Amino acid sequence: MKIGIIGTGGVGGYFGARLAAAGNEVHFLARGAHLKAIQEKGLQVKSIKKDVLIQPALASDLISDLSQCDLVIFACKAWQIREIAPQLAQSLQKKALLLPLQNGVLAADELSEFFDRKQILGGLCMIFSYIEAPGIIKHVGLQEPMIIFGELDQAKSERCELIRELLKKADIRCKLSDDIQSSIWQKFILICLSGVGTIANQGYGLIRETPESRSILIDVLTEVSQIAKAKNINLPENIVEKSMSIIDSYPADSMSSLARDVLSGKTSEIDYQNGTVVRFGKELGIATPANKFVLGMVKLLEQKQLA
């Protein structure tokens, strides 16, 4: 299968390399020194699961090079969807499927502004990974990387079965969800805690062990769960407790991609995380003080780093 990877970072680089190693024709979209290194030396993945080297790798910075792909995986930052989608829509074949793996809950809706909604699947991924050096992706942590996906209308489809087989053959753990919106929101509620770690400049260990900061985590989760309930998202009744148990299982020094972005002076996804919660809260008449605090403080840090 011809597969396009938009964003060859920790997510796209890891999963794209696995798919290429399984014999698929994978086209990687990258830029700068990272792109140059991939073109000259190939794409390398360092992982406790299994190292991979794709050499040569099909990589460029031209969106038009993805025009004949059968499947395009969006692994870029959430805020980049609106930049890339209109350009891709001009050249991508109409029968192509789109699989967004962004943090947040808006990717499919934003893509549907530029593509036929029937082309779009819902998706998310679980992975701790990053660009270690140009051309090199580092997968860390004991959690096995995973992709969860499904039809937006909850239907069962042959195309989803084909993608599941595609991922399995590439040795990528995957799950075909019968309620992808619920799956996306179960991850969303977790990533809304990323801003707390960013503000503290700490891994999850000390934050969850300190009573005062732990209570902030719980307040953020509670507000997101209230928003989800108001939007008729099917989440477990104990979603707050379940989410905290997951946070308690993370390595103590683990930090989110949002924290890494903000603290390294890059544009973050905060508007697609706590910012989305605050916006939904205003629309629904639900108070979100904890998320508003996190949003404000992360915005402040962003301005400080960019100054």
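Just so it is clear, none of the values below were taken in a lab; they were calculated from the coordinates. Keep in mind the model is a prediction, meaning the values are calculated, not measured. Ideal geometry is used to build each Cβ from the backbone, glycine not excepted, and the neighbour counts take in all protein chains shown.
Going by alpha carbons, how many degrees (0 to 90, nearest 10) lie between the helix axis of 180-191 and the longest principal axis of the chain? Tilt relative to the chain: about 60 degrees. Helix 289-306 and the longest principal axis of the Cα set of the chain meet at an angle near 60°. The protection proxy used here, the mean number of other Cβ atoms lying within 10 Å of each residue, ranks peptides 188-198, 13-23, 27-37, 171-181 as follows, highest first: 188-198, 13-23, 27-37, 171-181.
Kindly express, to the nearest 10 degrees and within the range 0 to 90, the angle between helix 274-284's C-alpha long axis and the longest C-alpha principal axis of the chain. The angle comes out near 70 degrees. Counting only DSSP beta bridges with both residues in segment 1-160, tell me the antiparallel percent, nearest 5. Close to 40 percent.
Only lysines eight or more places from Lys292 in sequence, or on another chain, were considered; those with a Cα closer than 24 Å are Lys77, Lys187, Lys229, Lys231, Lys242, Lys266, Lys282, Lys304. Size descriptors for the chain: radius of gyration and Dmax over Cα atoms are 18.8, 54 Å. Size check on segment 188-306: the Cα extents along the three principal axes, sorted descending, read 37, 30, 21 Å. Expressed to the nearest 5 percent, the antiparallel share of DSSP beta bridges inside the chain is 35 percent.
Could you give the C-alpha radius of gyration of segment 251-307 expressed as a fraction of 2.2 N^0.38 Å, taking N as the number of residues it contains?
Details: Rg = 12.5 Å, N = 57, 2.2 N^0.38 = 10.2 Å.
Cα-based Rg divided by the globular estimate yields 1.22.
Which order do the peptides 287-293, 79-85 take when ranked by the mean count of other beta-carbon atoms within 10 Å per residue, highest first? Please report the intermediate quantities before stating the final value.
Numbers: 287-293: 19.0, 79-85: 17.3.
In descending order of packing, they fall as 287-293, 79-85.
The three principal axes of the C-alpha atoms in segment 1-147 carry coordinate ranges of 38, 30, 26 Å, sorted with the longest axis first.
Starting with the highest mean, order 242-248, 229-235, 67-73 by the number of other Cβ atoms within 10 Å, averaged over the residues of each peptide.
Values: 242-248: 16.1, 229-235: 14.4, 67-73: 20.9.
Output ranking for 242-248, 229-235, 67-73: 67-73, 242-248, 229-235.
Per DSSP H run of n ≥ 4, the term is -39500 (n - 2.57); total these for the chain, divide by its residue number, and report the mean residue ellipticity at 222 nm rounded to 500 deg cm²/dmol. My calculation for the chain gives -13500 deg cm²/dmol from helical runs alone.
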